[in-house]
Amino acid sequence: MKIWKAVSAAAAAMALAAPAASADTLADVKQRDSLKCIVSTGLAGFSVTDDAGTWKGLDVDVCRAVAAAILGDATKVEFIPTTAKERFTVLQSATGDMISRNTTWTLSRDTQLGMNFVGVTFYDGQGFMVNADSGVTSANELDGATVCVQTGTTTELNLADFFRRMGMSYESVVFETNDETRNAFEQGRCDVFTTDASGLAAERSVSSNPSAYVILPEIISKEPLGPAVRQGDDIWFNIVRWTTFALIAAEELGVTSANVDDMKANSKSPAVKRLLGTEGKMGEMLKLGDDWAYNVIKQVGNYGEIFERNVGKNTPLGLSRGVNAQWTDGGLMYAPPIR
C-alpha cells in the first residue's frame with residue numbers, strides 16, 4: 001500500500017509538472033530528420049547494444065519501423081536509454097518522441113502521466129527466478145524471501161499484491177537498472193529475482209551460467225507491453241499506433257521483407273494493396289507518403305520476423321509465440337483493418 005501511494009503521488013506530480021506535448025511532433029521529427037526513441041538501458045532481446053554499439057531488439061525494431069514510416073529510412077533513430085524510473089520524465093520533457101521500452105500499459109499511466117499507449121507489441125506477465133540449487137519449485141514457497149526488484153516499475157506493485165494475497169512476507173531489495181538487479185541476484189544479495197517473464201529469460205540468457213537459475217512456473221500478473229507517446233498530439237499518436245498495427249497486419253497477410261516487392265507489384269488482395277500503398281490513399285490519412293507501410297516492412301519486416309529474430313526459439317531467449325501469436329493461430333496479436 002505504501003508503494004502504491006508513493007507511485008501515485010509521484011505520477012500525479014509528474015503529470016502536473018509535465019509540459020504540453022508538441023503541437024506537431026511529426027514536423028519536429030521531419031525537421032531534425034531523425035526520431036528520438038526512448039529505450040531501456042539494456043535488456044536482451046528487447047533493447048541492447050551489440051559489440052559494435054548497434055542497438056538491437058524487439059523494442060528497437062518498433063522504433064526503426066516508425067522512422068521508416070515517416071522518414072523512409074529505418075536507420076534514422078536516436079536511441080535514448082533510460083532507467084524505468086526516469087523514462088516517463090524523459091518523454092514528458094519532450095527529450096524523446098516516443099517510448100518503446102518494455103513498458104506496461106496501465107490505467108494510471110494512461111491517465112496520470114499524460115501518456116497514450118498506442119497498442120501492445122508483447123503480451124507478458126511477471127514471474128520469479130531462483131537459484132536451481134535452492135530446491136524451490138513454486139512461488140508459493142517464497143514466504144520470508146528477499147526479492148531483487150527494479151524500482152519505478154509495475155513489478156514492485158505486483159510483488160506487494162502477490163505476497164499480500166498469499167499471506168506471505170518478503171523483503172524487497174530495489175535497484176535502478178536491469179543489470180544492477182541481475183548482478184545483485186547473482187551475487188546472492190537476494191533469494192529471488194522478479195520481473196516480466198520475458199525479462200527473466202533475457203537476464204538469464206546473459207548471465208555467466210544460465211543453467212544455474214530456474215524460472216518458476218507461476219505468472220502473477222498481466223503485463224501488456226507497448227509503445228507510448230505524449231497526450232495532446234493526435235496526428236503523432238495515429239502514426240505510431242498504425243505503424244505498430246501495420247507490422248501485425250503484414251504478418252497476417254503474409255507480407256514479409258523478402259516478398260514485399262512482389263506483393264506490391266502482383267498481389268490481387270485489396271487488403272495488401274491498401275497496406276502497401278497501391279490503393280486507398282492510407283498514407284494520406286496519416287499525413288505520410290503512400291509507401292509508409294511498404295518502407296516499414298521492406299526495411300524492418302513484419303511482426304513475426306521481428307519476434308523471431310529478437311526473442312524467438314532460435315535466439316538465446318528461446319521464447320515461443322504463445323499469446324503473442326496471430327489471432328488466427330490462437331494468440332492475441334490482432335490489427336484493426338487498414339482501410
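The values are calculated or read from the model by the stated rules, or taken from the named source; none is laboratory data. A quick note: this is a predicted structure, and the numbers were derived from the prediction, not measured. Cβ: placed from backbone, ideal geometry, glycine included. Neighbour counts: every protein chain shown. Surface areas here come from the heavy atoms of the whole protein model, side chains and all, with no ligands, DNA or RNA. Shrake-Rupley method; radii C 1.70, N 1.55, O 1.52, S 1.80 Å.
Each peptide in 112-121, 215-224 receives the mean, over its residues, of other Cβ atoms within 10 Å, and ordering these scores from highest gives 112-121, 215-224. Taking Cα Rg over 2.2 N^0.38 Å as calculated from this structure, the corresponding entry among (i) 1.21; (ii) 1.40; (iii) 1.01 is (iii). Note that segment 77-174 presents 37 Å² accessible area per residue, ligands and nucleic acids not counted, probe 1.4 Å. Backbone geometry of segment 150-162 corresponds, through the Karplus equation with coefficients 6.51, -1.76 and 1.60 at θ = phi - 60°, to 3J(HN,Hα) couplings of 8, 6, x, 10, 5, 4, 4, 5, 4, 4, 4, 4, 5 Hz, x marking Gly and Pro. Annotation: the antiparallel percentage among DSSP beta bridges lying fully within the chain is about 55.
Ligands, DNA and RNA left out, the 1.4 Å accessible surface of segment 96-151 is 48% carbon and sulfur atoms.
Which of the pairs K76/K222; K56/K222; K85/K222; K36/K273 have their Cα atoms more than 27 Å apart in this structure? Violating the 27 Å Cα-Cα cut-off are K76/K222; K36/K273. The 3J(HN,Hα) values that the Karplus relation (6.51, -1.76, 1.60; θ = phi - 60°) gives for segment 217-224 are, in residue order, x, 6, 10, 9, 7, 9, 10, x Hz. Gly and Pro appear as x. Charge tally around D33: other residues with Cβ under 11 Å, Lys/Arg +1 each, Asp/Glu -1 each, net 0. Eigen-decomposition of the gyration tensor built on the alpha-carbon atoms of segment 192-304 gives equivalent ellipsoid semi-axes of 37, 19, 11 angstrom, largest listed first.
Taking the 1.4 Å solvent-accessible surface of segment 211-339 as the whole, the part contributed by carbon and sulfur is 51%.
Per residue, how much accessible area does segment 268-339 have with a 1.4 Å probe, in Å²? Could the numbers behind the result be given before it?
On the way: 3650 Å² over 72 residues.
With the other protein chains kept in place, segment 268-339 gives 51 Å² per residue.
For the chain, the relative contact order comes to 22 percent (Cα pairs under 8 Å, sequence separation of at least 6). Within the shell defined by Cβ-Cβ distances under 13 Å, the residues around F88 carry a net charge of +3, with Lys and Arg each +1 and Asp and Glu each -1.
Place a +1 charge on the Cβ of each Lys and Arg in segment 47-186 and a -1 charge on the Cβ of each Asp and Glu, then give the dipole magnitude about the Cα centre in debye, rounded to the nearest 20.
Dipole about the Cα centre, nearest 20: 440 debye.
I'm a student and want to see the number: the projected area of the Cα convex hull of segment 112-162, averaged over all directions, in nm². Could the numbers behind the result be given before it?
Working: hull surface 21.4 nm².
Value for segment 112-162: 5.3 nm².
Working note: Cα gyration tensor of segment 260-316, eigenvalues times five, square-rooted, sorted largest first, giving semi-axes of 26, 13, 8 Å. Accessible area per residue for segment 180-220, computed on protein heavy atoms with a 1.4 Å probe, is 42 Å². Compare S211, S257, S198 in a GNM of the chain, Cα atoms joined below 10 Å, and give the one with the largest fluctuation. Greatest mean-square fluctuation among the candidates belongs to S211.
Relative to the current alpha-carbon distance between E279 and L332, full extension at 0.36 nm per residue lengthens the span by 16.3 nm.
Placing unit charges on the Cβ atoms of the charged side chains and taking the dipole of the chain about its Cα centre, the candidate lying farthest along the positive direction among F245, I219, L159 is F245.
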